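Report on the following structure.
Every number in this text was worked out from the coordinates using simple rules, so none of it is lab data. What you see is a predicted model, and the numbers here were worked out from it, not measured in a lab. Neighbour counts run over all protein chains shown; Cβ positions are idealised from the backbone, glycine included.
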Amino acid sequence: TRTLYYHTDMPAQIDALQAMDEARGEALVQTLSGITKAYRDCAQQELASLQKVDQAVSRHNKVADSTLLSRQHKTGAPLPGDVDVPHAAPPPAEDTRRQAPAAQPADDDDDLPPPQPEAPAVHY
């Protein structure tokens with residue numbers, strides 16, 4: 001019966017496995033072909049967009065752009081006056097030792113909002 005099994009049943013099983021593997025290979029080819037077509041289409045659209053950007057950049061007129069910016073932001077208001085800045089005293093001689101900043105006293109807590117209750121813990 002072993003001979004019968006290997007010569008009659010096994011060839012059908014092997015043929016079925018081979019057909020299944022060929023179908024898997026064909027599906028892979030179709031999938032990869034679809035992916036490469038999508039990438040190719042995207043690349044063509046991207047190239048067309050980049051060409052339009054390049055053309056727009058090459059047409060940029062810096063004088064007209066500056067004039068338009070000035071026109072859009074002018075207010076008609078007079079220029080602000082000069083601001084008097086008192087001359088500061090010369091800085092003190094540098095101390096090479098580092099000092100910690102002085103601690104500031106705590107402000108009154110009356111203007112703080114009330115504490116919020118803790119949110120309940122959520123367990124998943």
* Structure fact -> For residue 62, counting only lysines whose alpha-carbon sits under 25 Å away and dropping same-chain residues fewer than eight positions off, the answer is 52, 74
* Structure fact -> If every Lys and Arg gets +1 and every Asp and Glu gets -1 at its Cβ, then about the Cα centre the range 1-74 yields a dipole, in debye to the nearest 20, of 900 debye
* To do: Report the FRET efficiency, 1/(1 + (r/R0)^6), for residue 14 and residue 36, where r is their Cβ-Cβ distance and R0 is 30 Å, rounded to 0.05.
  => 0.35
